[in-house]
Protein chains: 4
Amino acid sequence: MNFSSDNAYGAAPEIVQAMAAAGISPEPSYGEDQFTKRLSSRLAEIFEHEVAVFPVSTGTAANALSLATLCPPHGAVFCHAESHIVMDECAATEFLGGGLRLVALPGAHGKVAPAAIEAALPSFRRGVHSSLPSAVSLTQATEYGTVYTPVEVAAVTAAARKAGMAVHMDGARFANALCHLGCHPADITWRAGVDVLCFGATKNGACGAEAVIFFDRAKVRDFEYRRKRSGHLLSKMRFASAQLLAYLESDLWLHHASRANALAAQLAAGLAAVPGVKLAQPVEANEIFVYLPEALANRLRSDGAAFYDWEPPAAGRVLARLVTSFATPETAIADFLARIRPT
Amino acid sequence: MNFSSDNAYGAAPEIVQAMAAAGISPEPSYGEDQFTKRLSSRLAEIFEHEVAVFPVSTGTAANALSLATLCPPHGAVFCHAESHIVMDECAATEFLGGGLRLVALPGAHGKVAPAAIEAALPSFRRGVHSSLPSAVSLTQATEYGTVYTPVEVAAVTAAARKAGMAVHMDGARFANALCHLGCHPADITWRAGVDVLCFGATKNGACGAEAVIFFDRAKVRDFEYRRKRSGHLLSKMRFASAQLLAYLESDLWLHHASRANALAAQLAAGLAAVPGVKLAQPVEANEIFVYLPEALANRLRSDGAAFYDWEPPAAGRVLARLVTSFATPETAIADFLARIRPT
Amino acid sequence: MNFSSDNAYGAAPEIVQAMAAAGISPEPSYGEDQFTKRLSSRLAEIFEHEVAVFPVSTGTAANALSLATLCPPHGAVFCHAESHIVMDECAATEFLGGGLRLVALPGAHGKVAPAAIEAALPSFRRGVHSSLPSAVSLTQATEYGTVYTPVEVAAVTAAARKAGMAVHMDGARFANALCHLGCHPADITWRAGVDVLCFGATKNGACGAEAVIFFDRAKVRDFEYRRKRSGHLLSKMRFASAQLLAYLESDLWLHHASRANALAAQLAAGLAAVPGVKLAQPVEANEIFVYLPEALANRLRSDGAAFYDWEPPAAGRVLARLVTSFATPETAIADFLARIRPT
Amino acid sequence: MNFSSDNAYGAAPEIVQAMAAAGISPEPSYGEDQFTKRLSSRLAEIFEHEVAVFPVSTGTAANALSLATLCPPHGAVFCHAESHIVMDECAATEFLGGGLRLVALPGAHGKVAPAAIEAALPSFRRGVHSSLPSAVSLTQATEYGTVYTPVEVAAVTAAARKAGMAVHMDGARFANALCHLGCHPADITWRAGVDVLCFGATKNGACGAEAVIFFDRAKVRDFEYRRKRSGHLLSKMRFASAQLLAYLESDLWLHHASRANALAAQLAAGLAAVPGVKLAQPVEANEIFVYLPEALANRLRSDGAAFYDWEPPAAGRVLARLVTSFATPETAIADFLARIRPT
């Protein structure tokens, strides 16, 4: 009953096998290998667009390096107050971006809304005295497990564009969002105005591999220098690319994500039926935010369930985050629900 | 006949298998897993000392983050003019170190000598007007494939200590140096005065894994924050640690390194016997620096040999670097030598 | 009728004369001169405490360098959402602090309250994933022209201390706050728990001179390196110190500030009496925040009055900021009030 | 007999008077004032070219901010090994430049030669693994008190241009160089290929004012943001600009520099005539590098002479640096020479 995070589970066998198959024989290093080249082609196909693809080993690196590339060091990044770049990356974007500023916006369900962007802009009208609004960052699926529709993404990117800002998407759970929507990958990225996507695989079955995808080669600018200078250029890049290729092969990424989403839905349905338990957010991807009576939360933990307290307990209840993954056993759901039902 | 670099070859099967075995079942993320814990114990055993161990995915990250930790941002790092941190990492140490300064010292055979440290110090005597000499960085084996003896390491660290400087060792080819010396790992590290070792595995058979090893826990300071803020904290760290564990298991690391060293020695012996060919550096690890007539170099390349021109061709000859690895086939040596012999 | 800012006015004659008197004859450079030494003694006397004093030429430098010294690069600075470091310094603190994070807190009248600090802390409990709460920054007088009482300062510093955070005070208008309170300088600084004060003189009559004052020498750490490395170590420091000495001589600083405060009070009283005009903040120092009907604001501007629109006009009214200074002519107040009265 | 540095002397009366005259009445702040505007016009006239002018308060700020603007953070700046940016600014350029790299070149008489640039370039041919050679920095007059001729400047800028590098001139002693050459300011700046000049006034009679001068507005890029973010945007900029205006008025700058140069020549001539004393560098501006017997150096110091030991004493002699300034009394020269002559 481990619902602590999607990175608690290990790697899919298909992915580790692909690393083994990437083999021992010589390949050009630093990304000139055949795997990285095939990865670019495969992603171009999936996204129905030319792409410039750069594998890195963590999501924090992907986010911080791409934002540092989109923004000047005097830039400001508008993002949701609960986004990973604000809450979980220890100011990596500020550091790798040369001291830039994140601007934390409020927004229901973890989503940035066009109105929030517009409301924040007037504070930045004083020339060199203010940071320059340079990028908007969206998280898809959001930190609250909700999903922007294509129309919502397009509305945000339109507001960004109007203000001269680029658009970054943190796609650590991109596959989960896509499965929920059932649309084309393009529909929530370049076609909706996104400039760069941090395409996550680690949370959804890889050992450690994320792809930074630029949809406009001109925006790549000095990204490759930034990746090197921060220690993120992998010498044997074939092993990151092989993971990503296997992830995309036979739609493994989508199978994984649908499975995780389905388990979340099942868990959410079970939870919603329990008196005194209340879902805090719509469950659209693979995360459940739920208010549990503190006594119940404690009992579940002593029974071996693992989940994360999103907020410190208050008023006798806990806001718990439960995450399902590609590898969560179905029995974990059943067990958990069995224990939660009132006797 | 690929002698271009030791990172041209892939990964050892034992290492990829260990990643597969690290599995899919839940483990705490971010380094709290059992693999990372076992890795620490294993390294403490190998180094006969308490250690604080931090796996990262690249050597550049290992070097830059450990130096950034040893030095204040106003610090200076003394290192060889041909060292990797000076020549091959695009100023990553300066960047991740908050603008610190590398001081490139001359030195025969790629080695920093105590005299070079002493000669450089007087330039840094002007208080806040000068950078503060804060660390000496050694590369073991050096960029020229030569190896510091324990006595040589101790002499450098004594000079560093006298000047109040910490000591960093770039051990991207540490195993190769160790095999050449036949000493204990401790003899060329903490016992000889080294504070932090960047213990390389990638060049010697891993997919992408290096361990930053501190021999004094007090020197770790804010390293963990630095690792996170630069995007180098791996969520599923088990997969880096599993690589390193397999690397150390049954002395795989030493088998690999001895093999690479032996092939280099064989290749060097063959080269030395050819008229007009001249070794430029002693061959002590797995790198050969050799002057080749330009015509010969060109012919070898057209025959399919891959190696690196250390300097642009001049005066009809090329300074070639040839690197052997754990996976270089013996036939590559034989083939290469067969083609090099005058007919 | 220039109420645009207190830095619109020039310098007091006493201050420029002191610069002239600092003369042409040789003095040690970089702060070893007699003027800088006398400045330290004078400030120790005024603050009734040992001090380490560092003159710099701008308030932004004073704030950013002192915060960078108090905080590690992975630190977070808690401060008011409307503070100068958040709104007016283009992320200088983030830049000079090596990528640290400002956390913008809400708070009535531009003041940080202990409760706001406590409410923000739980977001930073995730070890290396979160920035480390390292300093609280207060602005005295605040950006809204209000003043923390000694009791209020002490309450904030107690909350900071409890969370292991240092306390910084942006005192660009410190003299104005002090005159309002009528207390000892010590009462709102070290005696109330402040670690470092950026003591402003520029806005209150100097050409360009601010003193960073540490009340605990141990907290100075690497400040002097930081000042040098950012280009803020003045070679002929005597000229900054001479300004500050003249500023403190015969209580010039307090005369200036009382005058500015008195003019503000006079202006505020006049404004408050006008129907349709509404003070937005208590007027305690030398700034007035007032809602003016848009038509009135426009008319005043066309009559030659200068003031700053704090927010873009909305709903037919303007939130205007009017600032009085040591050199604002009394006639400017009379003229302005004459034009504002309904006919 | 103070020859320790040209910043040991204070400020010229004309310059402090101009600050007084800049007055108390309102002016727009942050550089929109009439003084700064007039300064730009005056410099355009003097340099016979359009200019973008930015006053700052220190030479370190001028150098570091302009180089940070000319170079990307992954850039390398080629400069003389003895230049101020290498030896005396505590890596300010690396810090404010976001971690860029200085490349210290050898060169007779403190000058960078085209051949040294060409010799250094091949080390930087490895794409993202190497820093990108982005700017050449010249010091005019050099740290050794020698002066580049217009032809020499043009030769260096041609080599820079060929390598795609911009050209920066550290002109802390620009006036002294100009007086030595007797040419037009344009002849050793834009007309000879210089992109940006850090035009010094502090060492030559100002309180603390330097002008960063861009000869091509397109190269200004984000300089204004960088100035602000590093705390170098002066709110009451009129006082820096007034200093620079007075400095340029009636050719005060040239009178000062000629006087300092003449005193240096006189001192050098006297020194050269003394047996056992040997000039180490041609004396072309206001600095003298001279080998003195150690006993003589000690005696002079005990007689009250102040000068700087460029190197630690060795082999019984001292390499002394003596600097003359606009305000050095003629009697100091006579006194010094009287004491140096063998009796």
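A few remarks follow.
Each row is one residue, and each column tells you yes or no for (1) of a type in the set (Ser, Thr, Tyr); (2) touching a His at 6+ places or on another chain (Cβ under 8 Å); (3) crowded, with 24+ Cβ neighbours inside 10 Å.
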| residue | (1), (2), (3) |
| --- | --- |
| B:Cys79 | no, no, yes |
| B:Ser83 | yes, no, yes |
| B:Ala91 | no, yes, yes |
| B:Leu96 | no, no, yes |
| B:Arg101 | no, no, yes |
| B:Glu118 | no, no, no |
| B:Ser123 | yes, no, no |
| B:Ser131 | yes, yes, yes |
| B:Ala135 | no, yes, yes |
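Let's see how each residue does on (1) surrounded by fewer than 18 Cβ atoms within 10 Å (Cβ to Cβ); (2) within 26 Å of D:Arg125 (Cα to Cα); (3) aliphatic (A, V, I, L, M):
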| site | (1), (2), (3) |
| --- | --- |
| B:Lys278 | yes, yes, no |
| B:Glu284 | no, no, no |
| B:Leu296 | no, yes, yes |
| B:Glu311 | yes, yes, no |
| B:Arg317 | no, yes, no |
| B:Leu322 | no, yes, yes |
| B:Thr328 | no, no, no |
| B:Arg341 | yes, no, no |
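- All told, B:Phe307 meets the bar of being buried (at least 22 other Cβ atoms within 10 Å of the Cβ) and within 22 Å of D:Phe124 (Cβ to Cβ).
- Only a single item in (1) closer than 30 Å to A:Thr60 by Cβ; (2) within 14 Å of chain A (Cβ to nearest Cβ) is not met by B:Leu248, and it is number (2).
- Region D:250-262, residues that are under 21 Å from D:Tyr144 (Cβ atoms) and crowded, with 23+ Cβ neighbours inside 10 Å: D:His256, D:Ala257, D:Ala260, D:Asn261
- Selection status of B:Gly205, within 12 Å of B:Leu248 (Cβ to Cβ) and either crowded, with 24+ Cβ neighbours inside 10 Å or more than 14 Å from chain A (Cβ to nearest Cβ) (or both): yes
- Index of the failed condition, C:Val196 passing every other in (1) surrounded by 24 or more Cβ atoms within 10 Å (Cβ to Cβ); (2) touching a helix residue (DSSP H, G or I) at 6+ places or on another chain (Cβ under 8 Å); (3) away from chain D (no Cβ under 14 Å); (4) closer than 30 Å to C:Ala297 by Cβ: (4)
- For B:Thr146: the one exception among (1) assigned to a loop (DSSP other than H, G, I, E, B); (2) within 15 Å of the chain's Cα centre (by Cα); (3) buried (at least 24 other Cβ atoms within 10 Å of the Cβ): (3)
- Residue within region B:160-168 that is part of a helix (DSSP H, G or I), buried (at least 22 other Cβ atoms within 10 Å of the Cβ) and more than 17 Å from the chain's Cα centre (by Cα) present: yes
- Residue selected from region D:15-58 under the condition under 19 Å from D:Arg226 (Cβ atoms) and in contact with a Gly (Cβ under 6 Å, 6 or more places away or on another chain), by the criterion surrounded by the most Cβ atoms within 10 Å (Cβ to Cβ): D:Ser57
- Annotation note: Cβ proximity below 6 Å between a residue of region A:153-168 that is at negative phi and a residue that is surrounded by fewer than 19 Cβ atoms within 10 Å (Cβ to Cβ) (sequence gap 6+ or interchain) occurs for A:Ala155/A:Pro114; A:Val156/A:Pro114; A:Ala159/A:Pro114; A:Ala163/A:Leu121.
- Checking each residue in region A:104-116 for being surrounded by fewer than 24 Cβ atoms within 10 Å (Cβ to Cβ) and in contact with a helix residue (DSSP H, G or I) (Cβ under 6 Å, 6 or more places away or on another chain) picks out A:Ala104, A:Leu105, A:Gly107, A:Pro114.
- Only one of the numbered conditions (1) under 26 Å from the mean Cα position of the chain (by Cα); (2) farther than 30 Å from D:Trp253 by Cα; (3) among the acidic types (Asp, Glu) is violated by D:Asp309, and that is (2).
- Positions within region D:190-236 being among the basic types (Lys, Arg) and within 28 Å of A:Leu100 (Cα to Cα), in sequence order: D:Arg217, D:Lys219, D:Arg221, D:Arg226, D:Arg227, D:Lys228, D:Arg229, D:Lys236
- Take the conditions (1) within 14 Å of another protein chain (Cβ to nearest Cβ); (2) of a type in the set (D, E, K, R); (3) in contact (Cβ under 8 Å) with a residue 60 or more places away in the chain; A:Asp309 misses just one of them, which is (3).
- Annotation: D:Lys111 fulfils all but one of (1) touching a His at 6+ places or on another chain (Cβ under 8 Å); (2) among the charged types (D, E, K, R); (3) closer than 19 Å to D:Ala206 by Cα; the unmet one is (3).
- Across region A:97-120, the number of residues qualifying as farther than 18 Å from D:Arg226 by Cβ, facing another protein chain (nearest Cβ under 10 Å) and outside any strand (DSSP E or B) comes to 0.
- Options C:Leu337, C:Leu296, C:Leu300; residue that is away from chain D (no Cβ under 14 Å), in contact with a Lys or Arg (Cβ under 8 Å, 6 or more places away or on another chain) and not basic (Lys, Arg): C:Leu300
- Restricting region C:312-343 to residues that are assigned to a strand (DSSP E or B) and modelled with pLDDT of 95 or more, the residue that is nearest to C:Trp253 (Cα to Cα) is C:Val323.
- Any hit, region A:219-238, residues being buried (at least 23 other Cβ atoms within 10 Å of the Cβ), of a type in the set (Ser, Thr, Tyr) and either away from chain B (no Cβ under 14 Å) or touching a strand residue (DSSP E or B) at 6+ places or on another chain (Cβ under 6 Å) (or both): no
- Condition check for D:Asp216: acidic (Asp, Glu), in contact (Cβ under 8 Å) with a residue 12 or more places away in the chain and facing another protein chain (nearest Cβ under 9 Å): no
- Being in a loop (DSSP other than H, G, I, E, B), small (Gly, Ala, Ser), out of contact with any Ser or Thr (no Cβ under 8 Å at 6 or more places or on another chain) and closer than 22 Å to C:Ser66 by Cα holds for only one residue in C:Ala135, C:Ala141, and it is C:Ala141.
The values are calculated or read from the model by the stated rules, or taken from the named source; none is laboratory data. Because the structure is predicted, anything quoted here is derived from the model rather than measured. So basically every Cβ, Gly included, is an ideal-geometry build from the backbone, and we count neighbours across all protein chains shown.
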